[in-house]
Structure formats: structure tokens, C-alpha cells
2 protein chains.
Amino acid sequence: MSNDPFLDRLSRAREAARRLATATAAQKNAALEAIAAGIEGSVPRVVAANRLDLERGRESGLTEGLLDRLTLDESRLHGLASAVREVIALPDPVGQILRGSTLANGIQISQVRVPFGVVGAIYEARPNVTVDIAALALKSGNGAVLRGGTAAEQSNRVLVELIQEAISGVGLDGDAVQTVDEFGREGATRLMRARGYVDVLIPRGSAGLISTVVQESTVPVIETGSGIVHVFVDASADADTAVAIVENAKTHRPSVCNAAETLLVHRDAADRLLPRLAKTLLDRGVALYGDERTRGLADGLSPAEESTWETEHLALEMGVRVVDSLDEALAHIERYSTRHTEAIVTEDYENAQRFLAEVDSAVVMVNASTRFTDGGEFGFGAEVGISTQKLHARGPMGLQELTSTKWLVRGSGQIR
Amino acid sequence: MSNDPFLDRLSRAREAARRLATATAAQKNAALEAIAAGIEGSVPRVVAANRLDLERGRESGLTEGLLDRLTLDESRLHGLASAVREVIALPDPVGQILRGSTLANGIQISQVRVPFGVVGAIYEARPNVTVDIAALALKSGNGAVLRGGTAAEQSNRVLVELIQEAISGVGLDGDAVQTVDEFGREGATRLMRARGYVDVLIPRGSAGLISTVVQESTVPVIETGSGIVHVFVDASADADTAVAIVENAKTHRPSVCNAAETLLVHRDAADRLLPRLAKTLLDRGVALYGDERTRGLADGLSPAEESTWETEHLALEMGVRVVDSLDEALAHIERYSTRHTEAIVTEDYENAQRFLAEVDSAVVMVNASTRFTDGGEFGFGAEVGISTQKLHARGPMGLQELTSTKWLVRGSGQIR
């Protein structure tokens with residue numbers, strides 16, 4: 001279709017996606033079941049390819065954490081197949097009618113969900129994401145072009161082959177899912193510039209990766225990820241609630257984006273709550289960095305620096321600051337938040353209302369752990385990522401965030 | 001607020017927008033009424049400023065068409081004030097709840113419309129757009145940073161002053177609306193790079209302007225505009241309906257984006273309809289460019305070239321082509337359409353259904369003039385533009401397309 005092997009790959013995905021757009025939910029679900037069965041039936045083949053990636057990863061000095069994320073074994077592959085089957089259970093967003101009306105002249109208009117076309121994804125050395133994104137794209141009627149990184153090239157290649165075979169096996173077009181790993185860094189760059197071939201690009205991974213994609217891409221991007229997440233303990237906060245929420249938000253899973261990074265405490269609650277909050281966190285192994293007032297009220301904290309408030313630790317570390325008022329808390333959040341999730345712990349109705357109204361983040365909470373910002377917890381059943389941008393999608397993204405809309409207009413000869 | 005006068009302007013808009021986000025509809029409507037009254041009460045001041053722009057425009061050799069678009073007189077200013085009052089009548093999108101649920105653990109989640117923050121607009125020498133965008137941004141709780149072009153600098157400056165005075169006069173922050181015209185081309189470039197200051201950028205104008213913004217901008221863009229719009233007359237088309245729709249779609253207002261540019265006729269309708277279609281269009285002064293088969297069936301057509309199908313004429317010109325089938329019509333549209341609006345004229349139910357399902361454009365019509373792709377016609381009451389992209393907004397954009405959403409989460413101490 002094109003003499004350029006890279007564009008040929010993209011053209012195939014686009015052509016296949018065009019046909020996939022009108023596939024029924026039953027056809028797409030059959031393809032998903034075939035993908036799940038294909039993965040379960042090819043464990044040795046995937047594990048062998050994965051071993052090649054792991055060997056190369058060890059030679060090139062990948063950290064243990066990265067090697068762990070790269071690893072696929074039998075149990076993880078069965079987990080991946082289960083995740084694909086969960087996508088089958090989700091409602092098909094395509095064809096949903098969002099709104100409509102009959103105009104005064106008798107014309108009927110309706111706005112209906114349609115697939116984007118081709119979804120691009122750029123991520124790093126996590127072959128499970130290959131299957132996740134392919135399944136979500138397929139269910140929402142989209143083609144997918146995947147750039148999963150050279151470190152996972154062999155694993156991704158075999159997984160994409162299995163996916164293509166499964167899709168073709170049920171009579172749809174297997175070209176809908178493509179990998180461009182073998183084109184290396186140039187492939188990633190070209191993917192970001194592939195306007196007309198790729199309709200939306202989703203980067204998943206480090207802040208650096210996401211920032212590069214946002215800066216370089218001419219394809220529309222949905223930015224996901226980084227969370228400098230704040231919990232504000234208001235003057236009226238219930239002690240047990242505050243301690244439980246702060247502990248959970250910080251320590252339940254510190255490496256993820258909805259984990260809290262900064263604790264703000266109202267001065268009128270500081271005497272009462274800071275010592276207990278600090279002790280609870282320190283006992284759980286959290287390194288705390290406090291401003292002067294905080295360190296005057298609790299033991300065991302290191303001094304906070306400006307960088308404390310600007311850092312997504314993704315680890316058992318937390319900045320702690322005493323503020324004079326709700327306004328000062330709001331100003332701190334406005335300045336340092338990445339607009340992912342913020343929570344207030346309060347018993348004061350008006351302060352809860354103000355916090356909900358004035359904090360400009362994807363998710364704003366009262367008296368709940370920030371860990372609830374999650375597609376699964378929100379009942380979306382599958383998570384494409386958590387959007388921290390304002391255009392198109394904000395917060396946890398489910399299948400419907402992988403769709404666009406179009407207007408259908410049915411007339412009987414009307415003219416203006 | 002910043003030593004950089006350009007960034008200072010943007011920071012002021014951002015700060016003011018933050019406060020505007022929680023303004024009530026009553027406050028915003030009062031500001032809009034003050035703007036309308038301010039324009040009506042300052043006709044001589046605006047006309048005097050506009051005269052300076054017109055003089056400079058004539059000296060620099062602007063075409064009559066551009067000079068006409070640049071002109072503000074008493075009647076046009078009253079029209080602008082009326083348009084602002086129409087925005088008052090529209091419902092406030094901010095605070096609308098889109099969906100929500102109570103999770104199994106008792107947490108209540110709701111997705112609510114919020115303003116973007118600051119909307120940027122880049123357009124050329126049309127001072128009426130200054131008032132339009134400012135009014136729509138204000139009603140949807142957004143600040144606005146406007147780059148309206150050096151050719152309209154004096155007119156825009158006075159209009160923005162009037163708008164700022166009106167907003168301040170009702171107790172809101174007049175800094176919410178800013179112009180950056182005096183920063184020239186560099187201002188436009190910097191506006192496209194103002195991530196963190198501007199939340200979404202809307203280019204309005206020529207295809208060249210829009211393309212530049214899409215290529216250069218790191219701020220998320222909503223692409224508007226260009227329409228290579230097709231009408232397909234199917235084999236079963238009713239003759240009167242086909243002639244009325246084609247004539248209306250091409251000639252009602254040829255300079256706008258929803259005007260038809262290409263006529264496709266099924267070969268089984270060509271003998272019956274092409275001579276009458278061609279005569280009707282030629283009689284209305286439309287220059288027709290036909291493929292060989294078309295020119296064999298109707299007189300007065302020039303030969304079409306490849307460029308015929310790739311051109312948005314925006315004038316009384318039209319390409320005409322005979323196709324063998326619905327599939328060939330769909331393939332032509334897939335290849336040449338800018339995905340704005342396409343229409344089929346048919347009496348065949350199945351072909352109507354296929355056309356609606358398979359054409360991937362913002363608006364797809366059966367038996368209606370493409371001129372109906374319009375915010376006013378769709379009942380949106382005001383039009384921000386017509387989006388031809390798939391992300392966030394597609395087709396005619398009303399006030400709600402100038403909003404984002406956030407999730408409000410109300411708990412009672414839940415943790416994971």
C-alpha cells in the first residue's frame with residue numbers, strides 16, 4: 001500500500017480500522033475471546049520471546065524494577081487473558097446516542113458515538129500494556145498502532161502476532177493492530193507526526209516520556225499520568241478519619257499516580273493531629289519532609305525544601321506543611337498540583353463545598369482516600385489511563401473516552 | 001505579576017479566569033448585558049478606531065473582501081450587541097452534572113462541567129470575532145486571550161477595553177479578557193506555546209492559518225473549518241429533491257465551510273438527472289468541472305483535474321463526477337473529504353443506512369442540504385466554530401464544547 005514500510009504499517013491499520021468501525025459488538029467480543037484463548041494457548045511461545053527481551057535487558061543493565069515490569073510468566077499471561085475477558089463484559093460504546101432532537105423544519109439530528117479510527121500508544125517496556133491497549137481499542141472499534149519500546153520488542157512482536165491471528169480468525173481484519181517497535185526511536189518520532197494516519201496518541205509511562213510526546217506530537221494527544229496529589233486536613237477534621245485517609249493515600253500503593261505526595265494541615269488542627277499523623281506515617285516507613293512549623297510539632301521529620309512540593313515521589317516519602325487557612329491550602333494546591341487528584345478531610349460543610357468548587361483538578365474529594373481515582377473503582381471496568389488534561393477526557397478514562405462522535409442528520413428534502 | 005509583558009497579560013487572564021470559574025450565571029449574564037450596552041454606548045469610539053485600521057488596510061493593499069470583513073459601522077455594532085444578548089439567553093453549561101453514581105462502598109461520584117480556564121483564539125482581521133469569542137468564553141466561565149491580527153489592532157484594542165470595563169463594572173475581574181495583538185507575530189507564536197497559561201487554542205480563519213496553529217502549537221488545539229463537502233446523488237434519488245439540495249448546498253452561501261464543493265452522481269441516475277442538475281447550477285452562475293462521463297452527458301462543463309477534488313473553492317465552482325456505485329462514492333469521499341459534512345440524496349433505505357454508518361465525517365446527512373451544519377440551525381444558539389477534529393468536539397460547537405469536566409467525590413472516610 002505504501003513503499004515506505006512504516007507508512008505501510010500505518011495504512012494497514014487505518015484501512016482495517018475503517019472496517020472495524022462498523023463491526024458489531026458480537027464480532028468484536030468474539031475477537032477478544034479469541035485473543036484471550038490465543039494467549040492462554042501460546043504461553044511457551046510468549047515466554048520464550050520474553051526471555052530474549054529479559055536477557056538483553058540484563059545485558060544492557062536494566063534495573064530490577066524494570067526487569068520485573070518486563071517479565072511475562074504463565075501466571076501473568078493468564079492474568080492478561082482474564083483482563084481481556086473483562087473487556088468483553090463491558091458495554092460497547094460505539095453507536096450510543098448521546099443527544100438528539102427534531103428541528104423545527106422536521107430534520108432529525110442525533111449525536112452518536114463512533115470510534116476515533118486509529119489509536120496510537122507509546123509506552124516503555126511493559127508488554128502487558130500491549131494486550132491491554134489492543135483489547136480496549138478493539139472493543140471501542142479502533143485500530144491500534146503500538147510503540148512499546150525496544151526493550152520489549154520480542155515480547156510485543158509475538159503478542160501482536162497472536163492478536164492479529166485471533167482477530168483474523170473470527171473474520172475481522174487482523175491488520176487493525178500493529179506494532180512499530182522495530183522502527184526504533186525513529187518509529188516513535190514518526191508516530192508522533194503521523195497526522196492523517198493516527199487519530200489520537202496516548203503516552204503511558206514516565207513524566208519524561210509524556211512530556212516528550214506532548215511537545216513533539218502533531219497528532220492530538222491525551223496526556224496521562226503524573227500526580228502531585230495533595231491531602232488537606234482541615235481544622236475540623238475528625239482525627240480517626242484524617243489518619244486513616246492520609247495513611248491509605250500515602251502508603252497503600254506509593255508507586256502509583258493517585259498516591260498522595262503532600263500533606264497540608266490547618267494550623268488549628270496541627271497541635272491536635274500532626275503528632276499522630278506523623279507518627280503513623282513514620283511507623284509505616286514514610287520519610288517526611290516538613291516545613292518549620294510542622295517540625296516544631298512533630299519529631300522525626302527532615303526539613304522540606306522548595307523541591308519537596310514539586311516532586312512526585314512515587315515512594316514512601318511525603319512533604320508536610322502547616323497552612324493558616326483553607327485559602328492558603330488552595331493557593332498551595334493551585335501552585336504545585338499536577339491537577340490529578342486532591343482531597344480535603346473536613347467536618348465543615350462550607351469548606352467541603354468550597355474545596356470541591358475551587359480546586360481545579362481532574363478529581364476532587366471530600367473525606368475519601370485519593371487512591372479511589374481509578375477506572376476500576378469508578379466502575380468503568382477497564383482503565384485506559386488517567387487523563388490530566390482538560391480536552392476530551394479528564395480523570396479515569398474508560399472505553400467511551402476512546403471514542404469520538406458524529407452527527408447523523410435525517411431529512412426529507414429540507415433546504416435553507 | 002511577571003516582568004515579561006506578554007506573560008503578564010496571560011497571567012492576568014489566568015488569575016481572573018480562576019475567579020470567573022465560580023461566578024454564577026446571573027453575574028456572567030450581567031457582565032454580558034454590560035458588554036452589549038457598552039458597545040451600543042460607544043459606537044463613535046469604536047468606529048473611530050476602526051477607521052484607523054481601515055486606513056492602514058487600504059495603504060497596505062488589503063482586498064475589498066478583507067476590508068469589508070474588517071469594517072465596523074453603527075449597524076454592525078448593534079448586530080454585535082444583539083449577538084451578545086443572545087448569549088445571555090443560553091443556559092450556563094458550568095455546573096451541569098453529566099453522570100454520577102454511588103459506589104458499592106457508599107462513595108458518591110459525579111462528573112460536572114467546569115470551564116477550561118483560559119481559551120485562546122487566533123483569527124485574522126475580523127473584529128466581530130473579538131466580541132463573539134469573548135462573550136462565549138465569559139458565559140462558559142473562561143478567560144479569553146485573543147490574537148485578532150495586526151490589521152484589526154486598533155478596533156480590537158477598543159473593543160477589549162469596552163469588554164474589560166463592562167466586566168469590571170459588574171464586580172467581576174475585567175482582566176479575564178485580554179488581547180495580544182500588539183505583540184505581533186511573535187505574540188501569536190508565543191500564544192501557541194503558552195502551555196500552563198492557555199488551556200485550549202481555537203484558530204478561526206483560512207486553512208493556512210489553521211494548519212500553522214496545528215503544526216506549531218503545544219497548547220491543545222480545536223481545529224475548525226475547512227470543508228471539502230460532498231453531495232452524492234444516488235441511483236434512486238428523487239429528481240426535485242436532488243436538484244433542490246444540490247442547488248442550495250452549492251449556491252445558498254458559497255463562501256462558507258458547509259457549502260458543497262463536489263457533486264457525485266450514481267451512473268444509474270446520471271442520464272436522468274445530470275443534465276438538469278448541471279443546467280440548474282450553470283444558470284445560477286456556478287462554474288462546473290466534470291470528469292469525462294459527466295461532460296458526455298451535460299453541456300457547459302470544463303474538464304476536471306485531480307486538483308478539482310482537492311480544492312475547497314468557497315466560490316461558485318463545483319466538481320462533478322459520475323460514480324459506478326455507492327462504494328465508489330464512499331471511496332471518493334474517504335479519499336478527498338476534509339470530514340466536515342457529506343450528504344446523500346436517496347430513496348433507498350439501505351443505502352441511506354450505509355452512508356450514515358460508513359462516512360467518517362463530523363456531520364453525515366440524508367436528504368438535507370449541507371448548509372444545515374451550523375450551530376444556530378442545530379439549536380445551539382451560538383457557534384464557536386465547526387470542529388473537524390475528533391478529539392473533544394466534532395461538528396458545530398456550542399457553549400458546552402468550551403467546557404471541560406471534573407469528578408467530585410464525596411465520601412465519609414472510605415479507604416482502600
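Calculate what fraction, in whole %, of the accessible area of chain B sits on carbon and sulfur atoms when a 1.4 Å probe is rolled over the protein chains.
47
Between the helical axis of B:153-169 and the longest alpha-carbon principal axis of chain B there is an angle of about 50 degrees. Under a Gaussian network description of chain A, with springs only between Cα atoms under 10 Å, the residue in A:HIS230, A:HIS340, A:HIS266 that fluctuates furthest is A:HIS266.
Counted by Cβ distance under 14 Å from A:SER101, the other residues give a net charge of +1, where Lys and Arg count +1 and Asp and Glu count -1. For segment A:135-148, putting each phi into the Karplus relation 6.51 cos²θ - 1.76 cosθ + 1.60 with θ = phi - 60° gives couplings of 5, 5, 4, 4, 4, 8, x, 9, x, 9, 10, 10, 10, x Hz, in residue order, rounded to whole numbers and with x for Gly and Pro. Residue pairs exceeding 28 angstrom between C-alpha atoms, taken from B:LYS28/B:LYS390; B:LYS139/B:LYS406; A:LYS406/B:LYS406; B:LYS28/B:LYS250: B:LYS28/B:LYS390; B:LYS28/B:LYS250. Dividing the Cα radius of gyration of segment B:68-205 by its Kirkwood radius returns 1.07 for Rg/Rh.
Across the copies of the chain, A:ASP283 has label points (7 Å from Cα along Cα→Cβ) spaced 9.2 nm apart, shortest distance listed first. Counting, for every residue in A:358-371, the Cβ atoms of other protein chains within 10 Å of its Cβ and taking the mean gives 6. Choose one answer from A:PRO275, A:PRO254, A:PRO220: the residue with the largest mean-square fluctuation in a GNM of chain A with alpha-carbon springs under 10 Å. Its mean-square fluctuation being the largest, the pick is A:PRO275. Accessible area per residue for segment B:229-372, computed on protein heavy atoms with a 1.4 Å probe, is 37 Å². Starting from the Cα of A:TYR349, step 7 Å along the direction of its Cβ; do the same at A:SER211; then give the gap between the two resulting points in nm. Once both label points are built, they end up 4.5 nm from each other.
Taking Lys and Arg as +1 and Asp and Glu as -1, the other residues whose beta-carbon sits under 14 Å from that of B:GLN353 total -3.
Averaged over peptide B:212-219, the number of partner chain Cβ atoms lying within 10 Å of each residue's Cβ comes to 2. The phi torsions of segment B:212-229, fed into the Karplus equation with coefficients 6.51, -1.76 and 1.60 and a -60° offset, translate into couplings of 4, 5, 4, 6, 8, 7, 9, 6, x, 10, 9, 7, 10, x, 5, x, 8, 9 Hz, rounded to whole numbers, with Gly and Pro shown as x. Across the identical copies, the label point of B:HIS252 (7 Å from Cα in the Cβ direction) is separated from its matches by 5.4 nm, in order from shortest.
Can you give the FRET efficiency for B:GLU310 and A:SER236, using 1/(1 + (r/R0)^6), R0 = 51 Å, r = Cβ-Cβ distance, to the nearest 0.05?
The value I calculate is 0.20.
Relative to its residue count, segment A:229-372 spans a Cα convex hull of 87 Å³ per residue.
Give me D for segment B:1-82 in µm² s⁻¹, whole number, from Stokes-Einstein with Rh from the Kirkwood sum over alpha-carbon pairs, 20 °C and 1.002 mPa s. Translational diffusion coefficient: 138 µm²/s. Each other copy places its own label point for B:GLY41 at 7.9 nm from this one, sorted shortest first, where the point lies 7 Å along the Cα-to-beta carbon line. Per-residue shielding of B:12-23, expressed as the average number of other chain Cβ atoms within 10 Å of the residue Cβ, stands at 1. Here the Karplus relation 6.51 cos²θ - 1.76 cosθ + 1.60, evaluated at θ = phi - 60°, turns the backbone of segment A:65-74 into coupling constants of x, 5, 4, 5, 5, 7, 6, 10, 10, 4 Hz, with x for every Gly and Pro.
For the rotational copy pair A/B, the chain A residue whose Cβ lies nearest the symmetry axis, together with its distance in Å, is A:HIS392, 2. Note on segment A:309-411: Kirkwood hydrodynamic radius from all Cα pairs is 15.8 Å, rounded to one decimal. Within the listed set B:LEU281, B:LEU32, B:LEU402, the Gaussian network model of chain B (springs between alpha-carbon atoms below 10 Å) gives the highest mean-square fluctuation for B:LEU281. Among the chymotrypsin sites (Phe, Trp or Tyr not before Pro) within segment B:333-362, not one is in coil by DSSP while having at most 14 neighbouring Cβ atoms inside 10 Å.
Take the Cβ atoms of B:ASP283 and A:GLU182, set R0 to 60 Å, and the FRET efficiency comes out at 0.50. Each Lys or Arg adds one and each Asp or Glu takes one away; over the other residues whose Cβ falls under 10 Å from the Cβ of B:TRP309, this sums to -3. Annotation: amide H-H contacts under 5 Å for A:VAL114 (H modelled 1.01 Å from N, sequence separation of 5 or more, or interchain): A:GLY95, A:SER404, A:THR405, A:LYS406. Legend: calculated FRET efficiency, A:THR24 to B:ASP324, from the Cβ-Cβ distance at R0 = 41 Å, rounded to 0.05, equals 0.90. When DSSP assigns beta bridges and you keep just the ones with both residues in the protein assembly as shown, what percent turn out antiparallel, to the nearest 5? Taking every DSSP beta bridge within the protein assembly as shown, about 30 percent pair in antiparallel fashion.
With N residues in the protein assembly as shown, what two-decimal value do you get for its Cα radius of gyration over 2.2 N^0.38 Å?
1.01
Relative to the longest principal axis of the Cα atoms of chain A, helix A:43-59 runs at roughly 60 degrees. Rounded to the nearest 100, the interface formed by chains A and B buries 5900 square angstrom of accessible surface, both chains summed, with a 1.4 Å probe. Model label sites at A:ARG51 and A:GLU86, defined 7 Å from Cα along the beta-carbon direction, differ in position by 3.0 nm. Extent of chain A along its three principal axes (Cα atoms, max minus min coordinate, largest first): 69, 69, 36 Å.
The values are calculated or read from the model by the stated rules, or taken from the named source; none is laboratory data. Just so it is clear, the model here is predicted, and its values are computed rather than measured. Positions of Cβ are generated from backbone atoms using ideal geometry, with glycine treated the same way; all protein chains shown enter the neighbour counts. Protein only, heavy atoms only, side chains kept; ligands, DNA and RNA dropped before computing areas. Shrake-Rupley method; radii C 1.70, N 1.55, O 1.52, S 1.80 Å.
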